[in-house]
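Each remark here refers to the structure printed beneath this line.
The values are calculated or read from the model by the stated rules, or taken from the named source; none is laboratory data. Keep in mind that what you see is a predicted model, and the values were worked out from it rather than measured. Reconstructed Cβ throughout: ideal geometry from the backbone, glycine too, with neighbour counts over all protein chains shown.
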Amino acid sequence: MNFSKIAHYEKEYADIHHDTALNVAEGVEDQPIVNPYFTRRKKRELSVDDYVAGILSGNVPVLSQAITLIESNNPEHYAKAQEIIERCLPHAGKSIRIGITGVPGAGKSTFIEAIGGMVTSLHHKLAVLAIDPSSERSGGSILGDKTRMESICHNPDVFIRPSPSAGSLGGVARKTRETVVLCEAAGFDVIFIETVGVGQSETAVHSMVDLFMLLQISGAGDELQGIKRGIMEMADLMVITKADGENIHKAELARTQFQSALRLFPVPESGWHPCVYTASSVTRAGLEEVWKGVESYLEHTEKNGYFQINRNRQNKYWMYESINEALRNSFYRSPVIDERIGEYEQRVLNNRLSSFVAARELLELYFNRDKK
């Protein structure tokens, strides 16, 4: 093939047709994807005064931002959050705090959605603090409780805040306690704390609520083995859920069995004998009776003084918990410990040092860090 002749013919063709409409236009240059005239406005950072004013006025977006500060691991955010909490504290403490737990599949979120709608119809403002379990591998959480509470998530009298457990004890720790304070300052007078599920987290929830509600289902085998005795002893009120359709008879039978079992337990310090109810989140049957049970319990404990005794005990408990957490954070953030902890860890793994000796020596390093 003679390439020189081909090139010659192409040039001849171009010379003949350069004035015709058959020529291909060069087109325009590629335009930038982003508008060159667009300028991103920097969002104004709220001051502590802005946060406090917004929370006290019931501004939900500001409340959400303040809770985000509480959940942040940034030391600057932590300091700011503590100042906000301190200023909101005089306006808190005027709510009913209810912990809700139950075995997986008991319908905790559905129950909260159903009874939450009824609570707001009684002219209450409801805050739902839903603890979402975090993945042990990735650390991520779905935080999908709002999607499961469709009927109340758009209610202006309801605030739903899903939070990741982030590896803490069942997802309930100081951050949840501080979030309760902000929600109370924002005017929410009923607060539900939904736990991850039956486990160690119930102890932490019990230390921050006025009433502990346990949800149970029927037809799941031996009813009295369905949940640990320790959890049952903490319950102030028990609800057998999904009591509708063909399950009504089973739910009533479970209620009788649990009520009989609760009579075997010693009377709690509150002097209240826990009651068992049946309810359906679908038909709304039994929800009114459950809420009347809540009101009866609160009336009983306020009358005999246990309500305030319990609150005072909780305040003391969380003081010591805050001290423990502050010491723990200070230890791991210490430059001296950060520099040596990897070395000690390796010595423990190589069986050159016991875990207990390594811990003792690291603590000595930490407490003697400022000594010359």
> Would you say Val276 is in a helix (DSSP H, G or I), surrounded by 11 or more Cβ atoms within 10 Å (Cβ to Cβ) and of a type in the set (Val, Ile, Thr)?
Replying inline: no
> On the given criteria, is Arg360 over 25 Å from the mean Cα position of the chain (by Cα), of a type in the set (Lys, Arg) and on the phi > 0 side of the Ramachandran plot?
Replying inline: no
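Being touching a Phe, Trp or Tyr at 6+ places or on another chain (Cβ under 6 Å), part of a helix (DSSP H, G or I) and more than 30 Å from Met208 (Cα to Cα) is the requirement here; does Ile337 meet it? Steps first, please.
Working: touching a Phe, Trp or Tyr at 6+ places or on another chain (Cβ under 6 Å): yes; part of a helix (DSSP H, G or I): yes; more than 30 Å from Met208 (Cα to Cα): yes.
Taking the combined requirement at face value, the residue satisfies it.
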>> Being under 18 Å from the mean Cα position of the chain (by Cα) and either modelled with pLDDT under 90 or not assigned by TED's automatic domain parsing to the domain that holds Ser47 (or both) is the filter here; which residues of region 78-89 pass it?
In response: Tyr78
> If you scan region 114-139, which residues turn out to be at pLDDT below 90 and buried (at least 20 other Cβ atoms within 10 Å of the Cβ)?
Replying inline: Ala130, Ile131, Ser134
>> Residues that are out of contact with any Ser or Thr (no Cβ under 9 Å at 6 or more places or on another chain), surrounded by 12 or more Cβ atoms within 10 Å (Cβ to Cβ) and farther than 22 Å from Glu269 by Cα: does region 306-323 have at least one?
In response: yes
>> Looking only at region 327-346, count every residue that is surrounded by 12 or more Cβ atoms within 10 Å (Cβ to Cβ) and small (Gly, Ala, Ser) and tell me the total.
In response: 1
> Which one of these does Glu288 not meet: (1) in the same structural domain as Phe258 (by TED's automatic domain parsing); (2) without any contact (Cβ under 8 Å) to a residue 40 or more places away in the chain?
Replying inline: (2)
> Based on what the data block shows, is Ser218 surrounded by 15 or more Cβ atoms within 10 Å (Cβ to Cβ), modelled with pLDDT under 85, in contact with a helix residue (DSSP H, G or I) (Cβ under 8 Å, 6 or more places away or on another chain) and over 30 Å from Met319 (Cα atoms)?
Replying inline: yes
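Is it the case that some residue within region 76-96 is under 30 Å from Gln216 (Cβ atoms) and small (Gly, Ala, Ser)?
Narrowing region 76-96 to residues under 30 Å from Gln216 (Cβ atoms): 95-96.
Still in the list and also small (Gly, Ala, Ser): 95.
Yes: one or more hits.
Going through Glu295, Glu252 one at a time, which residue ends up being out of contact with any helix residue (DSSP H, G or I) (no Cβ under 8 Å at 6 or more places or on another chain), more than 22 Å from Gly93 (Cα to Cα), surrounded by fewer than 17 Cβ atoms within 10 Å (Cβ to Cβ) and acidic (Asp, Glu)?
Exactly one residue qualifies, and that residue is Glu252.
What residue, of Ile309, Ile323, is at pLDDT 90 or above and outside the structural domain of Arg174 (by TED's automatic domain parsing)? Give the derivation first.
On the way: Ile323 fails: at pLDDT 90 or above.
Residue meeting the stated conditions: Ile309.
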